[in-house]
Amino acid sequence: MHLARPRISSLPVLHLVLLLLAHHITQAQGMNLPYLNYIKEIEKILEEPVPLQNDLNSHEKFVLRNEIFLKVNLDTFLEAAKNLTDRRKKIGENLEKFKAVLPNATSTKHQIYIMEGNWDDFRRKLKAYMQALKRFIGF
């Protein structure tokens, strides 16, 4: 003789789990929203006065887009941003906010070099770096 087990559908439980997961994801993305706004503001400044023509070499692309080097690259850009004036100073202010959220570098072996006082070199490399920051914060 078997005791009859009540047939309870797992569908309501699945709905609850999905609802909680969706809520958690929305909250996590909301925390990163200010950082996305900082990136957008920087990208807008980088487009001035004309879009860039020169491409980066493969080593520069690797170093700038690799999450392992995010903190090292940030330090390099912050140092270079000290020489920016006018509206461009906002780039350094926005980049500074990422110091708190980026993991410490596991390697400083590969480091980018930005030609001092060269706006085109700075913004060309920073544009590639912005892509890595977007990926890091989940956008």
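Could you pull out the chymotrypsin sites (Phe, Trp or Tyr not before Pro) across the range 87-127 that fall in loop regions by DSSP (anything but H, G, I, E, B) with no more than 13 other Cβ atoms inside 10 Å?
Numbers: sites: Phe98, Tyr113, Trp119, Phe122; in loops: Tyr113.
Those that pass, being in a loop and sparsely packed, are Tyr113.
Contact order, relative form, for the range 50-133: 47 percent (alpha carbon pairs under 8 Å, 6 or more residues apart, mean separation divided by residue count). In units of the rule-of-thumb radius 2.2 N^0.38 Å, the range 32-137 shows an alpha carbon radius of gyration of 0.98. Across the range 103-114, coupling constants 3J(HN,Hα) worked out from phi with the 6.51/-1.76/1.60 Karplus curve, θ = phi - 60°, read x, 5, 5, 8, 8, 10, 4, 9, 9, 7, 10, 10 Hz, and Gly and Pro carry x.
Values quoted throughout were computed directly from the atomic coordinates according to the rules given, and no laboratory measurement underlies them. The shown structure was predicted, so the numbers you read here are calculated from the model rather than taken from an experiment. Positions of Cβ are backbone-derived with ideal geometry, glycine not excepted, and every protein chain shown enters the neighbour counts.
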